[in-house]
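Read through the structure below, which is laid out as structure tokens, and then see the notes.
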């Protein structure tokens, strides 16, 4: 599972 | 979602709508850099590849579809539909000097060495410099139509508002993305000169004339 900051922005 | 990011997204949306309306109403793409618009199309294409694989919200998905769709329509307007009005003699920025270093940096500095993540990182880095051909074109032509200035102001404001969004999210959600923040700072700094001219000139009804 990707550990970086979640991608919920445009 | 917070007010900064919402207003930022609306500002981005407004910029795109202003540009499309300018092209459609005046039936002209004069003063618009096709190279910057191609870079924006690349930015959205490489950033939203997860459009079909990860669902965040209706808002997120619909905005992504809108941004991708309008970026290709804009490129089509410039290079096909209103091609006779495209000023290629002044749109001469060498975009390969942007794409190659940005591509290399995305390959070296990212959160995870995977294809999707490297493309996302490439998109973030590319967006921070994608406006350069447009600013270069305005400096070469020596002036910008006021509608183009409004477009640039809305476009520059969106990422400046995202900086506030990241400050908010850091303090209230503990969210922090160094790559997005650094690129966002670079992107916003590139507009500072323009912001100064816009606020001191355009808002007083004058035209922008960057030092040619």
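Brief remarks on what is shown
- Between 0 and 90°, nearest 10: helix B:115-129 axis offset from chain B longest Cα axis: 40
- Helix-only mean residue ellipticity at 222 nm for chain B, each DSSP H run of n ≥ 4 adding -39500 (n - 2.57), per residue, nearest 500: -23500 deg cm²/dmol
- Three-way shape label, segment B:1-46, alpha-carbon gyration tensor, a/c 1.5: oblate
- The ranking of B:74, B:46 from fewest to most other beta carbons within 10 Å of each one's beta carbon is B:46, B:74.
- Shape of chain B, Cα gyration tensor, a/c cut at 1.5: prolate
- Cβ-derived FRET efficiency at R0 22 Å, residue B:107 paired with residue B:61, nearest 0.05: 0.20
- Angle of helix B:146-173 to the longest C-alpha principal axis of chain B, folded into 0 to 90 degrees and rounded to 10: 20°.
- Nearest 10 degrees, 0 to 90: helix B:34-47 Cα axis against chain B principal axis: 10
- Sequence-separation-based contact order of segment B:110-212, relative, with Cα cut under 8 Å and 6+ spacing, percent: 42
- Global geometry of segment B:14-82, whether rounded, prolate or oblate, following the gyration tensor of its Cα atoms and the 1.5 cut on a/c: prolate
- Ascending count of other beta-carbon atoms within 10 Å, so fewest first, for B:61, B:121, B:188: B:61, B:188, B:121
Every number in this text was worked out from the coordinates using simple rules, so none of it is lab data. Here the structure is a predicted model, which is why all the values come from computation and not from measurement. Virtual Cβ from ideal backbone geometry, glycine too; neighbours counted across all protein chains shown.
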